[in-house]
1. Hey, can you tell me all the residues within segment 109-122 that are surrounded by 15 or more Cβ atoms within 10 Å (Cβ to Cβ), assigned to a helix (DSSP H, G or I) and of a type in the set (A, V, I, L, M, F, W, C)?
2. Name the residues in segment 123-145 that are of a type in the set (A, V, I, L, M) and either in a strand (DSSP E or B) or at pLDDT 95 or above (or both), would you?
3. Report yes if some residue within segment 41-50 is touching a His at 6+ places or on another chain (Cβ under 9 Å), aliphatic (A, V, I, L, M), within 30 Å of Asp99 (Cβ to Cβ) and at pLDDT 60 or above; otherwise report no.
4. Cβ-Cβ under 9 Å, sequence separation 6+ or interchain: first residue in segment 71-95 and within 28 Å of Gly53 (Cβ to Cβ), partner among the aromatic types (Phe, Trp, Tyr) and assigned to a loop (DSSP other than H, G, I, E, B). Which pairs?
5. Within segment 155-164, track down each residue that is in a loop (DSSP other than H, G, I, E, B) and in contact with a helix residue (DSSP H, G or I) (Cβ under 9 Å, 6 or more places away or on another chain).
6. Using beta carbons and a limit of 8 Å, which pairs, at least six apart or on different chains, have the first residue in segment 50-64 and farther than 15 Å from Ile125 by Cβ and assigned to a strand (DSSP E or B) and the second one of a type in the set (D, E, K, R) and at pLDDT 95 or above?
7. Of all residues being assigned to a strand (DSSP E or B) and modelled with pLDDT of 90 or more in segment 70-108, which is surrounded by the fewest Cβ atoms within 10 Å (Cβ to Cβ)? Just the residue, please.
8. Give segment 123-164 a look and list any residue that's farther than 26 Å from Ser106 by Cα and free of Cβ contacts under 8 Å to residues at least 12 places away in the same chain, or say none.
Amino acid sequence: MSTRSDSLDRLTALSSQLQSSQSSTLAPATSTATMASPARPPITCHVLDTTTGLPASSIPVTLTPLSPTTSSTPFTATTNSDGRVTAWQTQPSSPSLSDLFANNTSARAWSLIFDIGGYYEAKGIKSFWPDVEIRFVTRPEDAKEHYHVPLLVGPFSYTAYRGS
């Protein structure tokens, strides 16, 4: 039967071993990355398939500014292998999503449309939902905030929330 002293000795030995292995495998704190990652857009989304409990990849998503706006040109993307949209495409002559946020002076309504029907059809499942539309509002006083919209979806139900 081990004693408290034996347990403390083992914890001390493990802690020491972990600290030495971390210091030998971690890069020095003064090193810098050579490539910068692209800036995260102000709006991102994530789709999880509730029938499998896994990310839903290859779902076309459309993000459209509804009001007030001088441009209703939609932004488009497709969920990646992790079910996430981390970048949006638009027409070359249209303002970027970051520009719309930077120049926003009033509340703005948005629409996110997910092509759920096509996703489930490709899996041989008849979905009740041809698409799922989520509408939400951003406000100029929250301009520095990030808006993340996760969608949990199945062929007969869905739910969404504001993530972080």
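1. Within segment 109-122, just Ile116 meets the criteria.
2. Ile125, Val132, Ile134, Val137, listed by residue number.
3. Yes: one or more hits.
4. Correct list of pairs: Thr76/Trp88; Ala77/Trp88.
5. Start the filter on segment 155-164 by keeping residues that are in a loop (DSSP other than H, G, I, E, B), which leaves 155-157, 161-162, 164.
Matches in segment 155-164: Pro155 only.
6. These pairs meet every condition: Pro55/Asp49; Pro55/Asp82; Pro55/Arg84; Pro60/Asp115; Val61/Asp115.
7. Gln89
8. Listed by number, the residues that qualify are Lys123, Gly124, Thr159.
The values are calculated or read from the model by the stated rules, or taken from the named source; none is laboratory data. For clarity, every value in this text was computed on a predicted model and none was experimentally measured. All Cβ positions, even for glycine, are placed from backbone atoms using ideal geometry, and neighbour counts span all protein chains on display.
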